[in-house]
Amino acid sequence: MYSGVAAAGSPGRDFISVTLGPEEAVGVGGYNNSKAWRRRSCWRKWKQLSRLQRSVILFLFAFLALCGAISYTSMGETWKSITNKSLDGQRKEQEIPRLKLANPAVLPAPQKADANHRDYPELSLQKPPKLPHVRRGPSNLQIKVPQRDTRLKTRHDTMRAVEELVEVHKVEKTEKSIISWRGAVIEPDQSTEPPSSKIMEPEKPSSVEAEDQKEPVPINERQLAVIEAFRHAWKGYKDFAWGHDELKPLSKSYSEWFGLGLTLIDALDTMWILGLKEEFEEARKWVANDLVFDKNVDVNLFESTIRILGGLLSTYHLSGDSLFLEKAKDIGNRLMPAFKTPSKIPYSDVNIGRGTAHPPRWTSDSTVAEVTSIQLEFRELSRLTGDEKFRKAVDEVMKHVHILSGKNDGLVPMFINTNSGQFTHLGVYTLGARADSYYEYLLKQWIQGGKKENELLEDYTRAIEGVKKHLLQRSEPKKLTFVGELAHGHFSAKMDHLVCFLPGTLALGAHNGLAADHMKLAETLIETCYQMYAQVETGLSPEIVHFNLHAQKGHKDIEIKPADRHNLLRPETVESLFYMYRFTGDKKYQDWGWEILQNFNRYTRVRTGGYTSINNVQNPSNPEPRDKMESFFLGETLKYMFLLFSDDIDLINLDKYIFNTEAHPLPIWVPA
Ligand code: DMJ
């Protein structure tokens, strides 16, 4: 309360003095705090002031009120801009947190663990209120933002539980622990037509994000064991091979193939699917800061397409992070010189820095499986970028092979010449190395494109008939159906482990409406693939087996030659087990996969981190470690294990996604 105004309005002194005096609050006759007295007293004081004094006081009031109004508005602006800046900052530095912002409870959003606690302390405890979706995606590229995981939800207690599972044997003994974890529902873009063969428009951002309302499926004990295995493998890679192609876990070093961080890229989407936030974020930083394709290095077109281009595209789809699409475009463009050949059948090798391509030194042939198993990736790259050249190049290869002579009831030879465009080394037919994924990609391209490209389906169904006619036999004593090889009319009872992709592919075809006997065949073949593990001393399959066609006392169905008894941690059997379990729900497939995981842990796990290929699956006391962890162990084997053990059919829904041959899921353009 103002009081006791001592005015000094003398001419020489141009100011007003307003003094606050407690004594003024005390009126004559003592303190009277009645409202009426206070009002009267104020009014009296006011009247005692000169006009000048009153004007000055009024002016001061007005001025203060104005200042107040201005600072209120600017604080609001500042607050808004601070909030926006922090969001932008998060988006730039780590793409994942922006997903958090879209819906923190339901997105996989790999990010620093402490950031989780800091920013979303409620995440581990309860479902936070829904926040409005933040539009994601690279508007500058005008690409379609994939609809992605809407349910990869992790809880910190899950991760803690994983950390405690240091030894897998502990997991085996553990009673069912109740660990709540949200599985992923990955919603690919469902609304897009396959690109036409004419001018393509790039995919545009969708206007509405898919919202998944389904209840999350809790993670189970076996999935936890896979997570633990992955983290152990990753630890080795991180400690001794970070940023290099492959870990050498025994010598605690690395090997280079292309010098492009192959294991790291191959493992990106596995980390996303397993919900390994910290690991993903760290790897993402490496991709952002250290992955450079402008290098004078020869890469194999097929391997770099399925592992690098495929890995980047699928990670883009799962995470929505445009960094991965940018990198995919970069490598895609750098691989294009491979197609500059007289026949348009691509060369096997490309120098991605120089932009030159060439066949291997000793031949002008390419491998049939290699030139026909790059299509899913390049077609998807065209769809995302609107640049048709990628799709044109790979479609041309398929059209060419479709009409080529030299097939045997749909079965293709293993080599094709880049000059003439003709098959070479005619007369040898296998579903194993050098031909395997030709068959896989016929079916998968047909599914990817919405089941419209009839030539692909035709070639696939013919080939399966060819397999039945020429390559199927049964072994003794267990009468296992297996896929052998044909060489110039002679049947060989040899089967590569690689052929074990076939049961899964057959099951996928049957699921997509192909003949029911494809599923029957898948069931018998997966049994054989399992026996390729179960009948061996370590419980791990060798690279190649020979089946006994005649019963002999004391002989099993399977013979293994010394040169073939290695195991490279390959995925094919686990891959097929995954498809079989998804389509039949028969738990035996999960149990078989669980046995395999345990045997990988027994015989290939390296104590200091990582897993190793082994030289001798027949010697449990010394499986002879090879000192190499292939990138596909993280990219494929452990991913398929995790999916096999999941009971959530929406964790990479097979009606919405198609896996490339390196287990990188890409969207089906027109899903069922
Ligand atoms: C992977 O690179 C791919 O699965 C490919 O199709 C075959 N070889 C390895 C795994 O065995």
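Here are the numbers:
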{"quantity": "Vicinal HN-Hα couplings computed from phi for region 279-292 (Karplus, 6.51 cos²θ - 1.76 cosθ + 1.60; Hz; Gly/Pro x)", "calculated": "4, 4, 5, 5, 5, 4, 5, 5, 4, 5, 9, 10, 7, 10"}
{"quantity": "Whole-number Å³ per residue for the convex hull built on Cα positions in region 572-672", "calculated": "104 Å³"}
{"quantity": "Protein accessible area in region 305-435, 1.4 Å probe - carbon and sulfur %", "calculated": "51 percent"}
{"quantity": "Nearest-0.05 FRET efficiency for residue 535 and residue 602, computed from C-beta distance (R0 22 Å)", "calculated": "0.85"}
{"quantity": "Relative counts (whole %) of C-alpha pair distances in region 226-271, using bins that are 5 Å wide", "calculated": "6, 25, 32, 25, 11, 2"}
{"quantity": "Length released on extending from residue 595 to residue 361, taking residue separation times 0.36 nm less the Cα-Cα span", "calculated": "80.0 nm"}
{"quantity": "Cα gyration tensor of region 451-510 - equivalent ellipsoid semi-axes, whole Å, descending", "calculated": "24, 14, 9"}
{"quantity": "Rounded D (µm²/s) - region 540-617, Kirkwood Rh over Cα pairs, Stokes-Einstein at 10 °C, 1.306 mPa s", "calculated": "111 µm²/s"}
{"quantity": "Restraint check, 344/468; 235/444; 252/588; 344/452; 295/628; 235/327, Cα-Cα greater than 28 Å", "calculated": "344/468; 235/444; 252/588"}
{"quantity": "Convex hull of Cα atoms in region 268-385, direction-averaged projection (nm²)", "calculated": "7.6 nm²"}
{"quantity": "For residue 422, residues with placed amide H under 5 Å, excluding near neighbours", "calculated": "417"}
{"quantity": "For region 234-318: rounded, prolate or oblate by the Cα gyration tensor [a/c cutoff 1.5]", "calculated": "oblate"}
{"quantity": "Fully extended contour minus Cα-Cα distance, from residue 296 to residue 424, at 0.36 nm per residue", "calculated": "43.0 nm"}
{"quantity": "Efficiency of FRET between residue 400 and residue 559 - r from beta-carbon atoms, R0 30 angstrom, step 0.05", "calculated": "0.15"}
{"quantity": "Residue 66-residue 278 pseudo-label distance in nm [points 7 Å out on the Cα-to-Cβ vector]", "calculated": "5.7 nm"}
{"quantity": "Solvent-accessible heavy-atom area per residue, rounded to whole Å², over region 346-430 at 1.4 Å", "calculated": "34 Å²"}
{"quantity": "Cα gyration tensor, region 268-335 - rounded (a/c under 1.5), prolate or oblate", "calculated": "prolate"}
{"quantity": "Residue 524-residue 409 pseudo-label distance in nm [points 7 Å out on the Cα-to-Cβ vector]", "calculated": "1.3 nm"}
{"quantity": "Mean-position separation - Cα centroids, region 410-456 and region 517-593, in angstrom", "calculated": "24 Å"}
{"quantity": "Length gained when the stretch residue 354-residue 476 is fully extended (0.36 nm per residue, less Cα-Cα span)", "calculated": "38.5 nm"}
{"quantity": "Average accessible area per residue (Å²) across region 559-672 - probe 1.4 Å, nucleic acids and ligands excluded", "calculated": "28 Å²"}
{"quantity": "Sulfur and carbon atoms: percent of accessible area, region 611-656 [1.4 Å]", "calculated": "40 percent"}
{"quantity": "Shape category assigned to region 400-525 from the gyration tensor of Cα positions, a/c cut at 1.5", "calculated": "oblate"}
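The values are calculated or read from the model by the stated rules, or taken from the named source; none is laboratory data. Here the structure is a predicted model, which means the values were calculated and not measured. Cβ atoms come from the backbone with ideal geometry, glycine included; neighbour counts cover every protein chain shown. When the accessible area is computed, the model is the full protein with side chains, heavy atoms only, and any ligands, DNA or RNA have been set aside. Shrake-Rupley method; radii C 1.70, N 1.55, O 1.52, S 1.80 Å.
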